[in-house]
Amino acid sequence: MMRSIFNRQKRSSLAFNYTVIFIMLVFALGPIIIMLMNSIKSPAELGKNPLGFPQNPQFENYPNAWERGGFAVTVPNTLKLVAGTVIGIMIFGGMAAYSLAKLNLPGANILTLYFLIQSSLPVQLFLVPLFFLWRVLGLVNTHIGLIIIYIATNSAFAIFLLRSYMVQIPSDFEDAARVDGANELQVFRHVIIPLSWPAFLTVGLVVGLNVWNEFLMATVFLTKPELYTVVTSYWKFASRFGRDWGMTNAGAVMMILPIMLLFMMLQRQFIAGLTQGGLKG
């Protein structure tokens, strides 16, 4: 009798959990599915049937959006910014995190607290003086100037997460490498990085997504069309062709599809690195 009541309560609890998950799934995937369907509709059909399946698919919306939105230029620009920022974060952020976690630096805890606080500060606080400084240095309308800004604004999060992950690595591995004659750079390269790759992967994904989606800095510091990023070019494209919702939806799909596929392929490693780095140390 008691087992029957327990099983009934368990099934009821599972039904409630699945219902909540289904509702959250609808809210998460519903807009994306609607956007996909609307991306192959004509403006007339979209006006009559904005939520239904397309009756006469207009697949030419995608090549038209690609050409008119200038994505052939802005996608490589954005990939350049993403690659430069992620590589810089991995190198400098990784070495900084290793120093704070393993080298017993004086004031390491204070520096860690500073990075945690700095990661919560809005970038708008130093946008104006930074623009004037970058103009004096000749870094406005250059990708390298924007990469430096992205590295600086994302370093605090990267260092904090990597440091939290590296703290939990046993010191025996490093001591063994030092006994064999390895210097600190070799210890970091051959011992710490292989053991911390989930955290590095997590940092790379988060930073890459931030750079891909970043709008404010790209709009302020890049004013030449040939230097635009995907987000800024889509904003210009949507402003120009705002009445053609089918084509603008196609442009939005092309803008978000690469990062969605990348996240889906690496989501397990991303969650593992984020939880282990955030909960330990």
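The values are calculated or read from the model by the stated rules, or taken from the named source; none is laboratory data. Being a predicted model, the structure only gives us computed values, none of them experimental. As a convention, Cβ positions derive from the backbone with ideal geometry for all residues, glycine included, and neighbour counts pool all protein chains shown. The protein model used for the area step is the full one, side chains on, heavy atoms only, and it has no ligands, DNA or RNA in it. Shrake-Rupley method; radii C 1.70, N 1.55, O 1.52, S 1.80 Å.
Points worth noting:
- Ellipsoid equivalent to the stretch 75-227 - semi-axes via the Cα gyration tensor, in Å: 32, 17, 13
- As a ratio to 2.2 N^0.38 Å, the alpha-carbon radius of gyration for the chain is 1.27.
- Per-residue ellipticity at 222 nm, computed for the chain from helices alone with -39500 (n - 2.57) per DSSP H run of at least four residues, works out to -24000 deg cm²/dmol.
- Total charge dipole magnitude, the chain, about the Cα centre, Cβ charges on Lys, Arg, Asp, Glu only, Debye to nearest 20: 800 debye
- Sequence-separation-based contact order of the chain, relative, with Cα cut under 8 Å and 6+ spacing, percent: 31 percent
- Carbon/sulfur fraction of accessible area - the stretch 80-132, other protein chains in place, 1.4 Å, %: 77 percent
- Rounded to whole Å, the principal axis extents of the Cα atoms in the stretch 153-235 read 55, 21, 16, largest first.
- Protein accessible area in the stretch 195-264, 1.4 Å probe - carbon and sulfur %: 70 percent
- Whichever aspartates and glutamates have a C-alpha closer than 16 Å to that of Lys236, once near sequence neighbours (fewer than 8 apart) are set aside: Glu67, Glu214, Glu226, Asp244
- Part-to-part distance (alpha-carbon centres) for the stretch 167-233 and the stretch 69-86, which is given in Å: 18 Å
- Under the span-like rule (Cα at least 20 Å along the axis, Kyte-Doolittle mean at least 1.0), DSSP H helices of the chain: 71-88, 143-166, 197-213, 245-279
- Per residue, in Å², the accessible surface of the stretch 86-240 once ligands and nucleic acids are set aside, probe 1.4 Å: 51 Å²
- Prolate/oblate/rounded call for the stretch 13-109, Cα gyration tensor, a/c under 1.5 rounded: oblate
- Mean separation of Cα contacts under 8 Å (6+ apart) over length of the stretch 203-256, as relative contact order %: 26 percent
- When each of the peptides 159-166, 88-95, 133-140 is scored by the mean number of other C-beta atoms lying within 10 Å of its residues, the order from highest to lowest reads 159-166, 88-95, 133-140.
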